[in-house]
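Take a look at the structure below.
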Amino acid sequence: MAKPKVQFVPESEEQEAAVKAIQENNVVFLIGEAGTGKTHVAVSMAMEMLQSNKIDKIIVCRPAIESGEKIGFLPGTWEEKVEPYMVPVQSLIKEFEMCGDPMKAKAMRDNVIQQVAIAHMRGRTFNNSVVILDEAQNTTKLQMKMILTRLGKGSKIIVTGDMTQCDLPYRMESGLIDAVARLQSLEGVAVVKFTSAVSNHRHPLVPDIIEAYE
């Protein structure tokens, strides 16, 4: 049985703008608060390009920094420690892609969809790929520079992040904020800002919670 094709249908003008930006640019920043659909759009477009044979691989990375927790205290190898941080993206890939777990497992075995720790990206070049950097507000400036310079021929980098939820140590500037300020005027780079009021993918109460905290 042929696997179902991803058919992503934008649900807002912001998502339409994000789709167009991804189609027309090599580096795209999707910026927005919790639940606005940033990762949803990134994964959907990457899966669509993969299934249309426009790319060969999807590379997923995510900073291993979350709400004050220390990854060093987690048991296991580095890959096992990073695994929990990849769950949100993995869940979306599973939702959109390949007839469930058997096909997803095969894709992982064939290295079609790779999850890569940021620490292991140095020195690599990703050709004919989509690189998804999720929760990018938790990257440092040096990490962001290193990731963006992995861009190879026939590839795109989609960066998602929420500038209001940075978990970096006090006074350490977010690589996402720095990169958007430096790069947004470059040809081939696009920045799309999502607002919770327009396209929230979580409970309708979430925008009110965000507003209350602001």
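Taken together, the values in this text are just the output of simple stated rules run on the coordinates, not laboratory data. In this text the structure is predicted, and so the values were computed from the model without any measurement. Neighbour counts run over all protein chains shown; Cβ positions are idealised from the backbone, glycine included.
What are the ³J(HN,Hα) couplings of region 158-165, residue after residue, when phi is run through the Karplus curve with 6.51, -1.76, 1.60 and θ = phi - 60°? Round to Hz, x for glycine and proline.
The phi angles translate into 10, 10, 10, x, 10, 5, 8, 10 Hz.
Applying the Karplus parametrisation 6.51 cos²θ - 1.76 cosθ + 1.60 with θ = phi - 60° to the phi angles of region 169-184, what ³J(HN,Hα) value in whole Hz is obtained for each residue in order, glycine and proline being reported as x?
Working through the residues one at a time gives x, 3, 6, 8, 6, 5, x, 5, 4, 5, 5, 4, 5, 7, 10, 5 Hz.
Using packing as a proxy for protection, rank 136-148, 11-23 so that the peptide with the highest average count of other Cβ atoms within 10 Å comes first.
Numbers: 136-148: 20.8, 11-23: 18.1.
In decreasing order of mean packing, 136-148, 11-23 become 136-148, 11-23.
Can you give the FRET efficiency to the nearest 0.05 for LEU186 and ARG122, using r as the Cβ-Cβ distance and R₀ = 35 Å? Intermediate values should be presented prior to the final figure.
Numbers: r = 23 Å, r/R0 = 0.65.
So, using R0 = 35 Å, E works out to roughly 0.95.
Mind checking the full-extension length gain between TYR213 and THR164? Use 0.36 nm per residue of separation minus the Cα-Cα distance, one decimal, nm. It would help to have the intermediate numbers written out before the result.
Values: separation 49, 0.36 × 49 = 17.64 nm, distance 1.03 nm.
Length gained, TYR213 through THR164: 16.6 nm.
Across region 137-150, in residue order, what do the Karplus-derived ³J(HN,Hα) couplings come to in whole Hz, using 6.51 cos²θ - 1.76 cosθ + 1.60 with θ = phi - 60° and x for Gly and Pro?
Ordered by residue, 3J(HN,Hα) equals 4, 9, 8, 7, 4, 5, 4, 4, 4, 4, 5, 5, 7, 7 Hz.
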